[in-house]
Amino acid sequence: MIFKKSFLLLLISYIAINSFSQLSKHDSLEVRALDQEARSNISQNKDKAIEICDKAIKLASTDGEMMLVPMTTKALTYFQHGEKEASVAIMNDVILIAKSINNDKSLSGAYRNLGQIEEYTGSYNKALENYMLANDAYRRSSEYDGNPNLYMTIADLHFRLEDIPNAKENYEKGLALAPTWQSDKLIAEFEVKLAKVFLRIDEIDSAYYFANKADQFYVSNNENPKVNDPKEVLAEIAINQGEFEKGISYYQSLLDTLMLEGDTRRIAHVAQRLGKALIKKKDYRAALKAFEISLESHEKLQDPAVADDYEMLAFINEKLENYHVAFEFQKKYSNKYEELLNAEKFEQINDLQVKYDTEKKDRENERLNFDLALKEKENNIAKADLALRNYVIGGVVLLSIILLGVVFLIYKRRKIMQNNKMLKLEQKLLKTQMNPHFISNALMSAQGYIYENKAKEASVYLTKIAQLTRLVLENSRKDTISLENEIMTLKNYLFVQQKRYENFDFELTIDDALDPEEVYLPPMLAQPFIENAIEHGVQNLAYRGMLQVSFASTNENKLQISIADNGLGISEGSAPKENHQSLSSQIVKERLNNLAAFYKQKLDFTITNNFTSQDCGEGTKVILTLPLSN
């Protein structure tokens, strides 16, 4: 590795000295021919493409400018086959050589290629940095007459990063330069992108002006834009303004064109937007056809957006009273959503590991730098005057103590932050253990309605199950949710359970002192106790069961959650057996332990008899106490 870097430095130095030693016309033509041959082999035969590039690089070794051509092709070959590190390393070498020969035009191209590599691999901030450097280098070039495409690339990245003001500024700069390139099509493309920006910031008149102007250009020139179609912007404007027929007409026209061209990815996108517009118009049969096209395209692409198709097809078939088909699509949606959620959790764990490894490496570098600084101080002390030695040693010792203290504080703070991250991650993992239990029980009950041919009951029940599934899956991704959201989820859950057993009533009450929109708490903390109250308290009673759930504030600024039933009570054997440890209670205990560590407060719950009445059993009451969080 050291030899390779040394060789590269010698090569760059040689090129800098002999940069005017151009190749002969014959050799230049041969280098370009080899480069073209390498490019034709990039996709099919990586090894052959690399071999040809190396041959061209060797032939062009005395001409820095010519050598950049096959080097760039070699970098793109590695990138095409997923070897980003090798590709980036070569592009950095291209940048060094371009700098050494003072060729700003080639330097601009190298930075732009490097930016594209970073962008396609999701490193958007690095990509933006390289695009800006490309623009700076191009400005220094003697051939500089403005490059609107560079401004478009930079603006696209700002737009992707939700930096709308910078996106707008760079689109406007590019549009101002575009006429110098004498390309009306490029101007139209800028107009569409500006229309999207104005639509994002709700400046509808400006959005319509630019989109309509671009559309008139494409219509008058009988051209179809490959990516940025103004009809999509015009359709969205019309739909937002309630002009459904006009918006649907734009979407349908665009979809018909894409179907002829066979652009699968854009077909999926436009068909989905068309379907949603038709649903707003309540034209469910037409919406069904649109989402079937979207589903077929997304399945070809293996795109995660297929989950949205499943959800909307379940909704449409329910509206069309195709309850069995709606049920099947709802199951597919639930399975796909859970699969995507699990993939997201796995990615979060990987990200956490990468961050941990990075922090560990940073700490090692800090310690290494500290050791180097300390050795340098010791060498300086040895060379100092003997009379000042004690003073210098004292100063170094004091400085060392301060530096060690700073390093220790930084290390301790990072360790605390890491522990907090791990606690939050563990809490999320524990919450995901509950979700399958909910969904499984609910779907089994829904299946019963379907087997009994109770279509309407099944439809209502499936709607509640779908709402409950979405709420549980969305809430499991959050550390805390509002009390209003928690109440909504519990109401759906209790409705589903009440329909299963049909032998109990329930009440949900909130203390007047609490604002449900302002109070926050960990999601689904009370649900396991409610489930126990139903399963072990009121499920098999000879009389009508009653379940009471209340949320109140205490004088100690605490949130108190009470779950009470009128079942047989703890003493009558309704509680689980001694050798059976309730999984839900265990999960709640683990969650409370994690929350206690996070809040630095002791959190627990109590279980007592409820003493409801002489005619009923003693009942059971569970009380959870949490910090009151706004």
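The values are calculated or read from the model by the stated rules, or taken from the named source; none is laboratory data. Since the model is a prediction, treat every value here as computed from it, not as a measurement. Heads up, the Cβs are rebuilt from the backbone with ideal geometry, glycines too, and the neighbour counts pull from every protein chain shown.
General observations
- Extreme residue, nearest to Glu119 (Cα to Cα), among residues of the range 32-91 that are assigned to a helix (DSSP H, G or I) and of a type in the set (Asp, Glu): Glu85
- Residue in the range 338-347 that is among the aromatic types (Phe, Trp, Tyr) and modelled with pLDDT of 80 or more present: no
- Test: Ala176 is crowded, with 23+ Cβ neighbours inside 10 Å, part of a helix (DSSP H, G or I) and at negative phi: no
- Residues satisfying the stated conditions in the range 536-566, i.e. part of a helix (DSSP H, G or I) and touching a helix residue (DSSP H, G or I) at 6+ places or on another chain (Cβ under 9 Å): Val538
- Residue in the range 588-602 that is modelled with pLDDT of 75 or more, under 17 Å from Ile534 (Cα atoms) and surrounded by 14 or more Cβ atoms within 10 Å (Cβ to Cβ) present: no
- Every residue from the range 32-78 that is among the β-branched types (Val, Ile, Thr) and over 39 Å from the mean Cα position of the chain (by Cα): Ile52, Ile57, Thr62
- Breaking point among (1) under 18 Å from Leu128 (Cβ atoms); (2) surrounded by fewer than 16 Cβ atoms within 10 Å (Cβ to Cβ); (3) in contact with a Gly (Cβ under 9 Å, 6 or more places away or on another chain), for Lys193: (2)
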